[in-house]
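Here the structure is laid out as structure tokens; the discussion comes afterwards.
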Amino acid sequence: MTQTTSQPSFPNGALSRIRAQGAQLSPGLRRVADHVLTSADTVLHQTITELASSAGVSEATITRLCRRLNFAGFHAFKLALAADVMTRDPVPPAGGGFQAQTARLVHYTSQTLENTVQLLDPEVINRVATQLARAPRVDLTGQGNSGLLAQYFANRLMRLGITAIVSTDPHVASVSISTVPRGGVVIGLSSSGSTIDTVQHLQLAQKHGHYTVAITHQARSPITRHASDVLFTAAQENPLSDSVLDTLISQALALELLYAALLPKRPEAHAMLRVTAESVVEKKY
């Protein structure tokens, strides 16, 4: 008879596998495991590089832990962790029709807004607002959904009498940024922080010596290397969901708080709001 060796069985969840193997892990792996157990919500939205930095280990150590827990890789581990977190949190149950779906959406939206407020630094917002208040021109750049928010904020700035330009065509945006006058500001929106066109636009603005602002939820991302200041958002991009609402509302909140900080720095703001409002009065029935 041929003797077969049975494979060890593993619990289904990421957290339960960590607890089951905790005592058998090496010091390095144990350091990562302890970090995941205490900060599961944060780890869920980190890249492998960010997790390695937070835990004080190498990326290779993260990979070894994933394999030790019988996951194919870091992505598979995060999928299991996402399921753990969603099961653990007291959120409205999945399914159940429109009412249940609405409750879940409101729950995650509220959580995203609260987390974004915690991440935003008032000093940075004030510093960016000061630069915007005296800028001769503001260029905004972003692709996809971030481009929509760039257009939204450009409109808000124009209502205050600030010249604001936005183009979702990356070539046109590059040409525009290359003509920004001295003292101008360039704002780049990229949730991932890795959108090539947006990163290149901020790099170009930086090359010309302009004050640059990045709005992203990835602390260790390419766009932050070309930003004078960074506004961080808390988009809860769960790997089990393709929803973009969290990205949109977290960016919108950051921009609205920036707008609120900008208002008192523009003495003519309220007069300009009245003038611009009157300019479209005849456009409504």
Checklist entry - Normalised by the number of residues in the chain, what is the relative contact order in percent for Cα pairs under 8 Å and 6+ residues apart? => result 17
Checklist entry - In nm, what is the difference between 0.36 nm times the number of residues separating VAL106 and SER39 and their Cα-Cα distance? => result 21.8 nm
Checklist entry - By the gyration tensor of its Cα atoms, with a ≥ b ≥ c the square roots of the eigenvalues, what is the shape of segment 136-285: rounded for a/c under 1.5, prolate for a/b over b/c, or oblate? => result oblate
Item to check | Listed candidates [x] 140; [y] 190; [z] 167 - label of the one calculated as volume of the Cα convex hull per residue in Å³ | outcome: [y]
Checklist entry - Membrane-span-like helices in the chain: DSSP H runs reaching 24 Å or more (Cα, own axis), mean Kyte hydropathy at least 1.0? => result 245-262
Next on the checklist: If a paramagnetic tag sat 7 Å from the Cα of LEU245 along the Cα-Cβ line, which residues of segment 98-138 would have the backbone N under 14 Å from that point?
Outcome noted: 98-113
Checklist outcome for this item: Dividing the mean separation of Cα pairs under 8 Å (6+ apart) by the residue count of segment 35-168 yields a relative contact order in percent of 13
Item to check | Only Lys, Arg (+1) and Asp, Glu (-1) charged, at Cβ; the chain dipole about Cα centre in debye | outcome: 360
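No lab work stands behind these numbers, since they all come straight from the coordinates. Given the structure is predicted, the values throughout are model-derived calculations rather than measurements. Cβ: placed from backbone, ideal geometry, glycine included. Neighbour counts: every protein chain shown.
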